[in-house]
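Written out below as structure tokens is the structure these notes cover.
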Amino acid sequence: MSFRDHHEPASHSPASLAAQPQWELRQIVDELRAVRAQWREGLASNQECGAREFPSRQHLRDIIKALCAALFPMRLGPLDLQQESEDFFVGHTLDTTLTGLHEQVRRELSYHARQHGLQQTVSIEQQALAIVQRFARALPRIRAQLDTDVAAAFHGDPAAHSVDEVLLCYPGILAIIHYRLAHTLYALGAPLVARIIAEVAHSQTGIDIHPGANIGSSFFIDHGTGVVIGETAIIGERVRIYQAVTLGAKRFPAGFDGVLKKGLARHPIVQDDVVIYAGATILGRVTIGQGSVIGGNVWLTRSVAPGSHVTQAHNQQEAADLPAPSHPAFAHHP
């Protein structure tokens with residue numbers, strides 16, 4: 001018997017073909033089409049243009065990776081990058097990346113206009129260009145704010161031996177980079193693109209920061225897994241939180257139609273210099289006063305005075321019941 005006899009696949013006989021699985025694809029495809037049609041009719045959203053017109057998660061993942069490299073070229077850029085060519089790399093990367101971001105924002109605006117039947121006074125192309133231009137001009141400010149976050153992590157963690165280690169290894173920093181980029185786009189009018197960027201970081205780090213949250217400088221998330229920060233949360237300067245902390249909503253009021261109301265202020269306000277330890281859950285539009293310390297695994301649904309120390313054992317004794325005032329000074333806008 002020859003080598004060919006051993007290694008050539010045997011020809012399929014009619015009997016062997018008959019034994020292969022049969023998927024009934026025609027029927028499944030037809031039924032899936034019917035389900036899609038019913039779903040679109042129910043949402044009154046049968047306005048699709050015949051092509052995929054949503055922002056792409058894969059493209060946005062690549063765009064944010066490139067933006068991280070442009071913000072921190074000697075740490076997150078290519079391995080062979082030299083300082084003498086740093087500016088060339090940054091310029092070339094931004095030129096390519098911002099062009100790609102413009103296309104993703106254009107897709108979002110087009111989708112939004114189609115879904116809501118909006119009449120455009122300014123072309124979607126011009127709107128998208130204006131958003132990305134303003135985003136580009138904000139990049140130096142974002143980098144400066146990220147420097148404060150990196151410094152806060154380095155000074156706040158005795159296990160950190162250098163700021164480079166923090167930037168390269170800490171999931172909290174990766175999540176904050178994504179958040180600061182996403183938050184800027186969210187505020188400029190590209191909330192879907194921003195949400196996708198935030199979810200990319202969520203999938204990579206286990207840290208869920210809604211891009212609508214307002215977070216001050218020198219923000220440190222230690223360890224980070226399981227952290228949740230809701231859309232309307234406001235966080236001041238020099239705040240430190242640990243893994244599995246939730247800044248969430250206490251209740252979700254619904255309208256007469258039973259649909260949850262959107263956009264209500266429903267997440268906590270955390271003032272400057274607060275520390276929140278692992279597993280703490282803070283719910284509702286409550287205020288955590290400046291300089292307070294919230295202990296591990298505390299469940300908190302009321303405001304606490306500045307300088308409070310709240311633990312599981314002394315939750316009632318050490319924290320004064322206060323109303324949840326509005327603090328415009330703690331709203332940080334790009």
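Some points to look at:
- Which listed residue is surrounded by 24 or more Cβ atoms within 10 Å (Cβ to Cβ) and either within 12 Å of the chain's Cα centre (by Cα) or not small (Gly, Ala, Ser) (or both), from Tyr179, Tyr242: Tyr179
- Where helices (runs of 4 or more DSSP H) fall entirely within the range 1-119, those with at least 3 residues that are open to solvent by less than 70 Å² (accessible area, probe 1.4 Å), at pLDDT 95 or above and in the same structural domain as Ile176 (by the TED database) are at 57-71, 86-116.
- Within the range 251-302, considering residues that are acidic (Asp, Glu) and closer than 27 Å to Gly156 by Cβ, the one most open to solvent (accessible area, probe 1.4 Å): Asp273
- Qualifying positions in the range 195-215 - closer than 17 Å to Ile235 by Cβ and either in a strand (DSSP E or B) or small (Gly, Ala, Ser) (or both): Ala198, Ala201, Asp208, Ile209, Gly212, Ala213, Asn214, Ile215
- Of everything listed in (1) in a helix (DSSP H, G or I); (2) over 23 Å from the mean Cα position of the chain (by Cα), the single unmet condition for Ala160 is (1).
- A search for C-beta distances below 7 Å between a residue of the range 183-201 that is without any contact (Cβ under 8 Å) to a residue 24 or more places away in the chain and any residue that is of a type in the set (Ser, Thr, Tyr), counting only pairs 6+ apart in sequence or on different chains, returns Ala194/Tyr186; Ala198/Tyr179.
- Any hit, the range 164-185, residues being outside any helix (DSSP H, G or I) and more than 25 Å from Ala69 (Cβ to Cβ): no
- Number of positions in the range 187-209 that are within 9 Å of the chain's Cα centre (by Cα), over 18 Å from Gly100 (Cα atoms) and open to solvent by 30 Å² or more (accessible area, probe 1.4 Å): 3
- Gly224, sole failed condition from (1) more than 22 Å from Phe54 (Cβ to Cβ); (2) assigned to a helix (DSSP H, G or I); (3) open to solvent by less than 60 Å² (accessible area, probe 1.4 Å); (4) free of Cβ contacts under 8 Å to residues at least 60 places away in the same chain: (2)
- Residue count for the range 264-291 satisfying the condition of being at positive phi and in contact (Cβ under 8 Å) with a residue 24 or more places away in the chain: 3.
- Evaluation of Gln145 against (1) within 20 Å of Val90 (Cβ to Cβ); (2) free of Cβ contacts under 8 Å to residues at least 12 places away in the same chain; (3) surrounded by 15 or more Cβ atoms within 10 Å (Cβ to Cβ) (one fails), failing number: (2)
- Some residue of the range 180-191 being over 30 Å from Gln126 (Cβ atoms) and not polar (S, T, N, Q): no
- Single unsatisfied condition, Ser218 versus (1) in contact with a Lys or Arg (Cβ under 8 Å, 6 or more places away or on another chain); (2) part of a helix (DSSP H, G or I); (3) small (Gly, Ala, Ser): (2)
- Within the range 124-142, the residues that satisfy the criterion of being touching a helix residue (DSSP H, G or I) at 6+ places or on another chain (Cβ under 9 Å) and open to solvent by 40 Å² or more (accessible area, probe 1.4 Å) are Glu125, Gln127, Leu129, Ala130, Gln133, Arg134, Arg141.
- So Gly216, is it closer than 20 Å to Ala182 by Cα and touching a residue at least 24 places away in the same chain (Cβ under 8 Å): yes
The values are calculated or read from the model by the stated rules, or taken from the named source; none is laboratory data. Bear in mind that the values here come from a model prediction, so they are computed numbers and not experimental data. Glycine also receives a Cβ, built like all others from the backbone with ideal geometry; neighbour counts cover every protein chain displayed. The protein model used for the area step is the full one, side chains on, heavy atoms only, and it has no ligands, DNA or RNA in it. Shrake-Rupley method; radii C 1.70, N 1.55, O 1.52, S 1.80 Å.
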